[in-house]
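To keep things clear, I will list the structure first and then write my remarks on it.
The values are calculated or read from the model by the stated rules, or taken from the named source; none is laboratory data. If you're wondering where the values come from, they're calculated on a predicted model, not measured in any experiment. All Cβ positions, even for glycine, are placed from backbone atoms using ideal geometry, and neighbour counts span all protein chains on display.
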Amino acid sequence: MSGSRERSAAGYGVEHTYVLGEGEALRVLGIDPGLTRCGVGVVEGVPGRQCTLLAYYVVYTDPADELPGRLLRLDRELSELVARHEPESVAVERVFSQHNVRTVMGTAQASAVAVLAGARAGLPVETYTPSEVKAAVTGSGQADKAQITAMVTRLLKLDAPPRPADAADALALAICHIWRGGTRARLAAAAKLAATRRGTR
């Protein structure tokens with residue numbers, strides 16, 4: 001298992017990258033959408049079992065830049081990461097109402113770009129509310145960011161907490177999808193296969 005740290009001219013920081021052997025695990029790319037900072041985490045795992053970190057990133061855009069350019073940059077970076085890691089599914093945090101309208105608008109725009117990145121690659125995209133992610137990872141839908149980061153660090157057996165918090169949130173989304181969404185998807189696929197087999201008899 002190896003790790004690396006770098007920063008590309010494209011504007012995103014690769015905090016850690018790990019290489020795994022082949023297996024049957026589900027690979028999920030989680031995205032914590034944000035216009036200034038967008039967290040991305042890639043995790044492999046099987047529902048109900050230990051998950052393994054592959055990589056995490058934070059994509060940055062400059063608040064001083066015009067909105068179209070920021071969204072285009074985010075789109076390019078997310079699309080590149082999807083192509084690089086070849087996930088089987090994408091999990092995105094669902095936007096919820098906030099008092100700061102300007103902030104929630106930026107988050108909603110970034111969320112749409114994130115969903116588009118997965119859809120363009122032909123991948124299933126699932127969205128989860130913050131409460132769903134918190135409950136899946138910590139057991140409480142009221143957990144704060146510090147608790148989420150601590151649990152992600154523990155669940156993935158990391159030597160140090162993922163920083164910034166956007167990266168930890170993205171990893172939590174990926175874990176949530178493997179444990180919850182992954183199970184739903186596989187059950188649905190199994191049911192569809194069973195129905196197909198019954199129809200051919």
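Before moving on, here are some points about what is shown:
- Residue list for region 150-173, filter: farther than 19 Å from residue 49 by Cα and of a type outside the set (A, V, I, L, M): 159, 161, 162, 163, 164, 166, 169
- When restricted to residues that are out of contact with any Cys (no Cβ under 8 Å at 6 or more places or on another chain), buried (at least 17 other Cβ atoms within 10 Å of the Cβ) and in a helix (DSSP H, G or I), region 35-76 contains 4.
- For region 134-162, a residue qualifies if it is part of a loop (DSSP other than H, G, I, E, B), within 18 Å of residue 177 (Cα to Cα) and either at pLDDT 90 or above or under 15 Å from the mean Cα position of the chain (by Cα) (or both), and exactly one does: 156.
- Tabulated pairs, region 121-135, first farther than 25 Å from residue 83 by Cα, second of a type in the set (Phe, Trp, Tyr) and part of a strand (DSSP E or B), C-beta under 7 angstrom, 6+ apart or interchain: none
- Single match in 170, 112, 91 (criterion: in contact with a His (Cβ under 7 Å, 6 or more places away or on another chain) and under 15 Å from residue 32 (Cβ atoms)): 91
- Of the residues in region 79-101, at least one is in a loop (DSSP other than H, G, I, E, B), surrounded by 20 or more Cβ atoms within 10 Å (Cβ to Cβ) and at pLDDT 90 or above.
- Single residue of 29, 54, 20, 74 found to be more than 17 Å from residue 176 (Cα to Cα), touching a strand residue (DSSP E or B) at 6+ places or on another chain (Cβ under 9 Å) and at pLDDT 95 or above: 74
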